[in-house]
Structure formats: C-alpha cells, structure tokens
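Read through the structure below, which is laid out as structure tokens, and then see the notes.
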Amino acid sequence: MTFSLSLVQVFSIVTTIIMSHFGKSDARTSLNVLSFGAKPNGVVDSVKAFSDAWDAACEVADSVVIYVPKGRYLVSGEVRFEGESCKSRDITLRIDGTLIGPQDYRLLGKRENWFSFIGVHNVTVLGGSFDAKGSTLWSCKANGYNCPEGATTLRFMDSFNVRIKGVLSLNSQLFHIAINRCRNIKIEDVRIIAPDDSPNTDGIHIQLSTDIEVRNASIKTGDDCISIGPGTKNLMVDGITCGPGHGISIGSLAKSTEEQGVENVTVKKAVFVQTDNGLRIKSWPRYSNGFVERVRFLGALMVNVSYPIVIDQNYCPGDSSCPSQESGIKINDVIYSGIMGTSATKIAIKMDCSERVPCTGIRMQAINLTYYGEAAKTSCINVSGKQLGLVTPSGCL
Ligand SMILES: *[C@@H]1O[C@H](CO)[C@@H](O)[C@H](O)[C@H]1NC(C)=O
Ligand SMILES: *[C@@H]1O[C@H](CO)[C@@H](O)[C@H](O)[C@H]1NC(C)=O
Ligand SMILES: *[C@@H]1O[C@H](CO)[C@@H](O)[C@H](O)[C@H]1NC(C)=O
Ligand SMILES: *[C@@H]1O[C@H](CO)[C@@H](O)[C@H](O)[C@H]1NC(C)=O
Ligand SMILES: *[C@@H]1O[C@H](CO)[C@@H](O)[C@H](O)[C@H]1NC(C)=O
Ligand SMILES: *[C@@H]1O[C@H](CO)[C@@H](O)[C@H](O)[C@H]1NC(C)=O
C-alpha cells in the first residue's frame, strides 16, 4: 500500500505552516506558562513564571495569547502585568486553570494587589478561577489586631480596552475586582463568591473610570456587590444577581472635600436576594464638591432585601467619629423604574438627603415593594421629584 498525499493536501499544509508563521489573519502567537516554569501542581510557586510569560508576550509585536492550562497554580505573591513598554497589539490571557493564594495570608496581605494590570491596553482575561484563600485573613481581622489590610484579587489601573470574561473569583482577601483610572472596560459572565461575613470583600469596585460595562455577573459576597466610586462616568450594569452582599452602591462619596462626580450610570435587570440593601446611594456627612447626576435604575427584583431603595447622605458605619456636617454631594436626576419584590424591613424606601443640597429630580415609576405581604413604608427627608403610575409604598415625592 502506498501512502500518498494529493497535491492539494500538500499545498494546504504548506499554506497553513506559512500562514501560522507569517500570516496576519489567524497568526496568534501562543505562549504556554508551563514553558516559563509554571507548575500545575498547587505546590511550586508560579509568580515568576507568570511575569516572565507576560514580559515575553509584551515583546511580540502582533496579537498574542498567554495560555494557562488546567491545573492548580500556587501564586504566593503579587503578579504585576505592566503595559507601558508592551509592543503587542493585543494580549489575551486564556486561563483554564485555578490560581491559588498561599496558605499564609501575610504573604499576600501586605501587598495591595494579587494580580495587577497597570497601564495596559487591548488586554483580554478569559476564564480562570482565582482563589485567594482569604478566610485566614478574615479571622485575623475578626479576632485580632496587627492584621494586614489584604490584597485585591484583580486590579486594573490606568488601562484601556480591557475585557474580563468568564472569570471566577473566590474568597478574595479584600476587593475581588477593582477598576481605577480606566477607560473602556467590559466585564462579562463573571462569578464572585465569598461568605456574607467576609469583611470588605466588595465584588466589583469602579472609580475614576469612563465607559465601563458589567454584564451578566453573579456576585455573592460580604460587602457591596458593586461599588461605584467618585469619577465614574458612563457605566452600564446589566443583568446582575447579588446576594448575599450589601447591594449595588454608588459611594461612599464625600470621603474627601475635593472629589469627582458620578455621572450617567445605568443599572438594569438586577436581582437582589437577601441583601442588606438593594439600590443605594451613600455619602458621608461631609462638605464635598462631588455630585451624582443622571442615574437610571431600571428593573430590579428584590427578594427579602433589608433596604431595597436607599439614599443615605448621613452614611457613617459604626457611628463613630462621624464628620457630622451636611453632605455636600448634590444628587440630581435619578430614575427608579420597575422595582418589584419584598423588603425584609418595614421601611422599603429610605431617602435621607442633604439639607444643604437636597436631592432633586428623583423620579419613580412602576414600583411595588411589600413587607411580608403587608404594606411597606417610606422615610424621606429633603427629596423632590415626581412619581408616575403605581408607586407602592408611596409618600416620598
Ligand atoms: C488595540 O486594538 C485595536 C483593534 O484591534 C487596534 O486598532 C489598536 O491599534 C490597538 N491599540 C494599541 C494601542 O495597540
Ligand atoms: C452568564 O454567565 C455565566 C457564567 O457566570 C454563563 O454560564 C452564562 O452562560 C452567561 N449567560 C449569558 C446569557 O451569557
Ligand atoms: C451614557 O452611558 C451609556 C452607557 O451606559 C452610553 O452608551 C452613553 O453614550 C452615555 N451618554 C453620554 C451622553 O455620554
Ligand atoms: C428575610 O431576611 C431576614 C434577615 O435579613 C431573615 O431573618 C428572614 O428569615 C428572611 N425571611 C424570609 C422569608 O426569607
Ligand atoms: C404588588 O405586589 C404584591 C405582592 O408581590 C402583589 O400581591 C400585588 O398584586 C402587587 N400590586 C400590583 C398593583 O401589582
Ligand atoms: C430638610 O428637611 C428638614 C426636615 O424635614 C426640614 O426642616 C428642612 O426645611 C429641609 N430643608 C430643605 C432645604 O428643604
């Protein structure tokens, strides 16, 4: 029997080889972290392998994929992905494996971040589980003193054109994902899991950033599911399930007297299950030049949520050493539409606005919140605006 290839087959193989080396279309360089010394055995530390793979990717002038195969990788310190001197057109970090933090919480805890992306552009993080093993730090915080602050699991700073898709973040020491001074960031299909009593484990924190989308996320954590800080502009949050957690919060604002505003935020189709708050705007009772303008809360289901709708301009957790001024944060043009479900407390709508700069342009429509089948109540101070159609409980506007 003879083994022969047709001319067409030979031609196609040669073309494929040429294309994969020199072609422009699908010619993505792929770098496997295993060839940089990463070990999928959960024991050998892979910090250096990850940063070496990143440095190599940055040297590739075209598109490049860093591939992390299945397995458990111990990452016991901060991995910094810096983009400033990257030559690549785009970098995809494709992760099929699980990255695990060290047993000793102090190793990560004294760093601000576990994985940080600084000054990157055109970067995609696709898949992967990040298990920071935060519980030992939380017990230190619950019992002791001298505990480190903890590391944020994934932080993006000074970056643009970034996509984070299909990522799972477990038991972060501090925030799970933080976006700071960024532009054009898309976060899709992420899952975030930490217990309801884990301290400061915000799901996704955004500040000083523009053109941000968060779509289809499931967030169970011990603090805000999403927290929206000063300087957030053009944010779309669509299809979030939150709970346990403290809800979706704009704020805390007025942390300082000079602060950028929050502008053009939409939260669509959110589901809150047994959370402390649903849709919340909060500021410290302090003078500040910050503001909140053009916020749309469109469609939310509340399942036994302690405070479904909240504006709190006297925010001061623990009530100790509060600034005790009237908040300077001006809140204007906020729409609540299609908010249904149950409140776990009698006061389902609470708006405690600043006497100095009262809330204006608050609009409510299609709201039906009940308290164990009974009528719920409102509690509102220094608020104006209008309501349309069914608004239960009514009485704020
Ligand atoms: C980012 O990607 C876009 C689209 O692929 C490309 O046009 C642009 O040049 C890239 N930007 C940088 C700074 O490499
Ligand atoms: C939402 O995200 C989950 C992963 O968290 C994914 O399994 C699911 O397919 C996504 N749904 C849609 C409609 O994209
Ligand atoms: C407001 O934000 C949305 C994204 O949520 C964006 O599409 C829209 O262009 C922004 N509006 C303005 C005026 O920038
Ligand atoms: C509602 O939540 C409260 C605590 O927030 C809890 O005590 C109560 O059992 C919950 N009720 C239902 C019906 O789930
Ligand atoms: C409001 O919700 C309650 C309980 O979910 C329901 O029984 C009631 O019919 C709703 N009211 C309207 C006007 O839709
Ligand atoms: C704010 O509310 C308080 C308490 O209801 C009221 O006495 C005060 O006049 C209000 N201030 C403004 C500026 O509306």
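Kindly check whether there is at least one residue in the range 294-309 that is under 19 Å from S209 (Cα atoms) and not β-branched (V, I, T). Yes, the conditions are met somewhere in the range 294-309. Selection within the range 307-326: residues that are surrounded by 10 or more Cβ atoms within 10 Å (Cβ to Cβ) and of a type in the set (D, E, K, R). The member of this set that is modelled with the lowest pLDDT is E326. One residue stands out among those in the range 165-194 that are closer than 20 Å to R106 by Cα and more than 16 Å from ligand 2 (Cβ to nearest atom): the one that is surrounded by the most Cβ atoms within 10 Å (Cβ to Cβ), which is S172.
Going through K233, K269, K282, K220 one at a time, which residue ends up being of a type in the set (K, R) and surrounded by fewer than 18 Cβ atoms within 10 Å (Cβ to Cβ)?
Exactly one of K233, K269, K282, K220 is of a type in the set (K, R) and surrounded by fewer than 18 Cβ atoms within 10 Å (Cβ to Cβ), namely K269.
Name the strands (runs of 3 or more DSSP E) wholly within the range 326-396 that hold at least 1 residues that are away from ligand 2 (no atom under 16 Å from the Cβ) and among the acidic types (D, E)?
Here the list reads 330-343, 347-352.
If you go through the range 136-156 and keep only what is farther than 14 Å from S169 by Cβ, of a type outside the set (D, E, K, R) and in contact (Cβ under 8 Å) with a residue 12 or more places away in the chain, you end up with T136, L137, W138, C140, A142, C147, P148.
Do the conditions hold for K377, that is, is it buried (at least 16 other Cβ atoms within 10 Å of the Cβ), among the charged types (D, E, K, R), within 18 Å of V295 (Cα to Cα) and more than 16 Å from ligand 3 (Cβ to nearest atom)?
On the way: buried (at least 16 other Cβ atoms within 10 Å of the Cβ): yes; among the charged types (D, E, K, R): yes; within 18 Å of V295 (Cα to Cα): no; more than 16 Å from ligand 3 (Cβ to nearest atom): yes.
In short, no.
Does R215 qualify as being over 21 Å from N304 (Cβ atoms) and either surrounded by fewer than 18 Cβ atoms within 10 Å (Cβ to Cβ) or free of Cβ contacts under 8 Å to residues at least 60 places away in the same chain (or both)? Considered against the rule, which asks whether it is over 21 Å from N304 (Cβ atoms) and either surrounded by fewer than 18 Cβ atoms within 10 Å (Cβ to Cβ) or free of Cβ contacts under 8 Å to residues at least 60 places away in the same chain (or both), R215 comes out as yes. With respect to S198, determine if the residue is within 13 Å of ligand 2 (Cβ to nearest atom), under 15 Å from S169 (Cα atoms) and of a type in the set (S, T, Y). So S198 fails the test.
Can you work out which of the residues in the range 179-214 that are more than 18 Å from T124 (Cβ to Cβ) and assigned to a strand (DSSP E or B) is farthest from the chain's Cα centre (by Cα)?
Only one residue fits best here, namely T210.
For the range 75-112, filtering for residues that are out of contact with any helix residue (DSSP H, G or I) (no Cβ under 9 Å at 6 or more places or on another chain) and within 19 Å of S135 (Cβ to Cβ) leaves 5. Of the residues making up the range 118-164, those that are aromatic (F, W, Y) and crowded, with 17+ Cβ neighbours inside 10 Å are F130, W138, F156, F160. Restricting the first member to the range 79-98 and to residues that are more than 20 Å from A61 (Cα to Cα), and the second to residues that are within 16 Å of ligand 2 (Cβ to nearest atom) and in a loop (DSSP other than H, G, I, E, B), the beta-carbon pairs closer than 6 Å and six or more apart or on different chains are I95/G127; I95/G128. Report yes if some residue within the range 290-302 is hydrophobic (A, V, I, L, M, F, W, C), buried (at least 24 other Cβ atoms within 10 Å of the Cβ), touching a residue at least 60 places away in the same chain (Cβ under 8 Å) and within 19 Å of S218 (Cβ to Cβ); otherwise report no. Yes: the range 290-302 contains one or more residues that are hydrophobic (A, V, I, L, M, F, W, C), buried (at least 24 other Cβ atoms within 10 Å of the Cβ), touching a residue at least 60 places away in the same chain (Cβ under 8 Å) and within 19 Å of S218 (Cβ to Cβ). Taking the criterion of being within 16 Å of ligand 3 (Cβ to nearest atom) and among the aliphatic types (A, V, I, L, M), the residues of the range 298-342 that qualify are L298, V334, I335. Evaluation of A217 against the conditions (1) in a strand (DSSP E or B); (2) among the small types (G, A, S); (3) not assigned by TED's automatic domain parsing to the domain that holds I187 shows that the sole unmet condition is (3).
The values are calculated or read from the model by the stated rules, or taken from the named source; none is laboratory data. Small disclaimer: the values here were computed from a predicted structure and weren't measured. For neighbour counting, all protein chains shown are included, and Cβ atoms are generated from backbone atoms with ideal geometry for every residue, glycine included.
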